[in-house]
Structures are given as structure tokens and as C-alpha cells.
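Presented below is the structure to which this report refers.
Where a number appears in this text, it was derived from the coordinates with a stated rule and is not lab data. Not measured: the values here are computed from a predicted model. All Cβ positions, even for glycine, are placed from backbone atoms using ideal geometry, and neighbour counts span all protein chains on display.
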Amino acid sequence: MDWKQIAEDLVRVAGNEWLPSRVRERIDSVDHLFVACSGGADSVFLALYFGWLSCQGQLNSPITVLHFNHKLRGERSDGDEAFTHELCDALGIVCVSADWIHSGNTASVSEEAARVARMAFFAKSVGDPKGGSAILTGHHADDIAETMLMRLSRGSGLQGLTAPREFSIGTNGLKFIRPLLGLGKAEIVSWLKNTGAGWREDESNQQGLYYRNRLRQSVIPEWEKAADRPLRGGVVQSRALLEEDWQALEGLFDASWNNARLDPNALDWERTLDMPRAFQRRALNRLLTKEGVGPLTLAAMEEVLDFFRAKKAFKVSVEKDLWLVGSARSRKVGFSRVKSIFDWRPVRLPLEAWLCLPGSGSVHASEVLLDTELIDRIQSGVYFHDRTVFLSLDGKQNGELWVRSWRAGDAYRPMGRKSLVKLKELFIDRKVPREERRLLPIVVDSEDNILWIPGLPPSYESRIETQTTRALQLTYEK
């Protein structure tokens, strides 16, 4: 192919009206422009269009094409890399590529793992993220609908629903520009065909292996059929309006953030309580970011926000040995590094007493007499297993209780299961963070049979039945 002629024709056919002036101004402001090119139609359009502008001296910065070979499709993946190098060589622009070295079955590789590897390659290629470099990516209008549906199904907030944005900064500091968000896939492909340009098709995009592919193949076409107006324009407009609202809220939040800070690593307790819940969420996320740790799990975030609402002190594990704590006594919300005590010997749990545990939390046990109303409440699920459970005492002469930490191989039959299940499997199913597992108390009887672990159902053998008259009430508090 005569790539130079194709690039010249493409710039002439596409013109420049599709490129918003604000995006062109951002591109012109960078010191070094990178183009992420997979070999697909969208990224080939970017490489040809901006590669030609660079060759003609119409860009204010040099251009470099980045290609990451995920090595997931054998010779086809290698062909994508060779194709991209050929295009760049013909245009006289630099191309940097790398292979992903990974083990295991390629069919089991997740989209997230591939994205993380690709971002690492970009970061290494671009260098200092604080510099004046930016990466162009080929996201277009069709991607907006797919991303919005994915984010909605995962419970994203306002910020998540504004992706992909024209300009963004990644968690690793890389700056991204997405010039094609106003264009549909069909327009891009039409311009390429009209100028004789070729590109590489990834046949895995036609398979249902990944969530995005399933949406693209099955959901979006049906949505378009059901819509009473053009789908793409409405979704693009919704994304833009959501981004406006998000930016406005971020600006308002900044004032609250500055007012609530005690120091770089802590917030004022009272001022944080006075924030709207949406600002409290933002404040916690920003505090965690400044500490250099990942975000809280959704369950942990909601737990902290509920503590704020109730004006109660809290202590939540963020990662190994690091806790997010807040209380009126300390008058702040901040971090505490406490070396976890993972293995502690069994401790007797007397009735009508609180047992304070190594690391965090306490357990209380009491004997209660059951009536019909209380049994109905227990069996209807009023009491959550993470805080309070009732265990049958009928027919048991020895109600002795012990509390210990998790041991390798621990297993029991929880209510709702037909057989023994290892605690490790239950922790994984319930998404209990690894660093919290050995801090949770394991309540056992005198023969070391597991009765209950906070957050998990009680033992099936100790279940409350309609005729049960006596029970142990166990309560756990962090």
C-alpha cells in the first residue's frame, strides 16, 4: 500500500470539521504526541491522520506510535505488530512496540489484566507522566454506549458514567486525549474504505468471551431497534451532560475538602460529618489516593458512610496493617498502622461478658429464651449475620464457648449448604479482604466445632427451629 498517498487522501476526505477545536488546542499544547495503535480501524485512522499532519509540519510536537502485542492470538497478534510497523515506516514516524510475556491459558486472560499490562507499557514508553506528553486513543461514539452500560451494571457513580472522556489522567499520571468521541465507527470505516486504507480485524471481537463484546453484538443492536430516536447522539449528549455535572460537583467539593482537612493525611471529624454523603465519599477516596493505597471495597465504603450517618466511631481495614479510623474522641478521620496479630490461642467466652479480641473487635454472648415472635424475626432474616446470630441451646448440657483465629483447613456446614465448606472458599465467595480473614473471630464449642464467623451464616447444626426454646445470642462489634 502507498501509505503516504492514503494518509494524504484521508486527511482531505475527512477534513477537519470532525475534530473539535478544544481537542485540537489540547493536542497542539503537548510537547510529545503518542498514538496508541492496535492495528484496528479506529487507531489506524488516528495514526494515518496525525501521522500525515506530523509529516507536513502541521503539528507542534513530534509523534510516536505505540503498539502493544498482547500475544493472545498467536500469529495474528504478531501480524498486527508487523502491520503497524509497516504503516509507520512508510510514513516516516517512530513506532515503539513490546510483547506481553504471560503464562497460562490465553483464553482465561481477563480484560482487566490485559489493560493493566498495556498501561504499564504506555507508562514505560512515555516516561515522566508530569511532562508535556499525551496519548491519543481511538475511542469513538459507539464505545460510549458500551462503556455506559458496563458501568451502570457495575454500580458506577457519576464519574464512572462520564467515561470515556475527551481528556483524562490515568492513575499512573498518563494523560489521554480521545479525539474520535464525536464520530461513529461507521463514519471512520467509511473514510478508510474511500481512501483504500487497510486495517487489521481482531476476530476475538466477534466472540462472546468478553463483556464488552457481548454488549456490542447482542444488547446494543436490540437497544437501537427499541429506541425511538438515534441512539448514538443521545448517549454522546448524556455523557457530555454528566461530565458537566461531575466537574461542577468536583469544583464545589474542593472547597469542602480544603475546609475539612486537618493535615495531608487526616480530615476533621465534625466537618466531615457535616458534608453531604456524596462529598464524604469523595473525601474518603481522595484521602486514600493521597496515602497511595487503593480504594475501599464498595461494602467497606458504605459501612464507613453509615457510621458517619450514625455519628459513630469506626475502624476499617484498608490493606495489610493499615486501617482507616475515625472518632469524635480523636476528632479526626485518618490512618492507623497496626501490626496484625494473626494467630492467637483459643480464649474462653463467658456468658454476659464482652470479650475484646487481639487486633480489633469484641464478641458478646448471652443466653435468651425464645418466643414465637423472636423466632419469626430470626427466621425472617431481621438479624444480619455480620453482627448478630442466635444458636440453638436445646438438648445441649454444655454451652461452653471459645473464640480463636482462623486455621488452615477450617471448615463447617453453614446454614443454606448441604455439606461442609472450607472457610477459605466462603471468604472468597463473600469477598472478605485477605488481611481481615485472620482478624475475624471463629466462635467454636468445647469440641472445636465451628458455630459462627461474623459475616457468614451460623452452623446448620445450631440452627433455630420453630420448636427451639433456648438460644445463645452472639454479637460482634468492631
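Could you give the spread of the C-alpha atoms of segment 347-477 along their three principal axes, from largest to smallest, in whole angstroms?
Taking max minus min along each principal axis of the Cα atoms, segment 347-477 gives 40, 31, 26 Å.
If the chain between ASP448 and ARG470 were fully stretched, how many nm would it gain, using 0.36 nm times the residue separation less the Cα-Cα distance?
5.8 nm
How much FRET efficiency would the formula 1/(1 + (r/R0)^6) give for GLU400 and VAL293, where r is the Cβ-Cβ distance and R0 is 30 Å, rounded to 0.05?
0.15
Among LYS4/LYS193; LYS185/LYS225; LYS124/LYS431, which pairs are too far apart, with a Cα-Cα distance over 22 Å?
Cα-Cα > 22 Å for LYS124/LYS431; rest within.
For the chain, list the DSSP H helices whose alpha carbon atoms reach 27 Å or more along the long axis and whose average Kyte-Doolittle value is -1.0 or above?
231-260
Compute the projected area of the convex hull of the Cα atoms of segment 73-174, averaged over all viewing directions, and report it in nm² to one decimal place.
Average of the hull's projected areas for segment 73-174 equals 8.6 nm².
Could you give the length gained by full extension between ASP263 and LYS311, i.e. 0.36 nm per residue of separation minus their alpha carbon distance, to one decimal place?
Length gained between ASP263 and LYS311: 15.1 nm.
Provide the FRET efficiency to the nearest 0.05 for the ASP99-GLN56 pair, computing r from the beta carbons and using R0 = 45 Å.
The formula returns an efficiency of 0.90 here.
Please list the radius of gyration and Dmax for segment 3-236, considering alpha-carbon atoms only, with Å as the unit.
Calculated on Cα positions, Rg and Dmax stand at 17.5, 48 Å.
Where in segment 207-248 is the amide nitrogen less than 19 Å from a point lying 7 Å along the Cα-to-Cβ axis of GLU112?
Under 19 Å, as judged by backbone N against the label point of GLU112, lie 209-215 of segment 207-248.
Averaging over every viewing direction, what projected area does the convex hull of the Cα atoms of segment 265-337 cover, in nm²?
Quarter of the Cα hull surface area: 4.2 nm².
Cut-off under 17 Å on the C-alpha distance; same-chain residues fewer than 8 positions from LYS332 excluded. Which lysines are left, in chain and number order?
Hits, sequence-local ones excluded: LYS290, LYS311, LYS312, LYS315.
Based on the mean of other Cβ atoms within 10 Å per residue, sort peptides 307-317, 22-32 so the most packed one is first.
Per-residue mean Cβ counts within 10 Å order the peptides as 307-317, 22-32.
Run the numbers for GLU250 and ALA82: contour at 0.36 nm per residue of separation, minus the present Cα-Cα distance, in nm.
56.1 nm is the gain from fully extending GLU250 to ALA82.
Between TYR383 and LYS431, what's the calculated FRET efficiency when r is the beta-carbon distance and R0 is 22 Å? Round to 0.05.
The calculated FRET efficiency here is 0.55.
So which cysteines of the chain have no other cysteine's Cβ under 4.7 Å from theirs?
When partners are defined as cysteine Cβ atoms under 4.7 Å apart, the chain leaves CYS37, CYS55, CYS356 without one.
With Cα extents along the principal axes in Å in mind, check [x] 97, 56, 48; [y] 72, 51, 41; [z] 91, 50, 47 and report the label derived from this structure.
Recomputing Cα extents along the principal axes in Å here gives the entry labelled [z].
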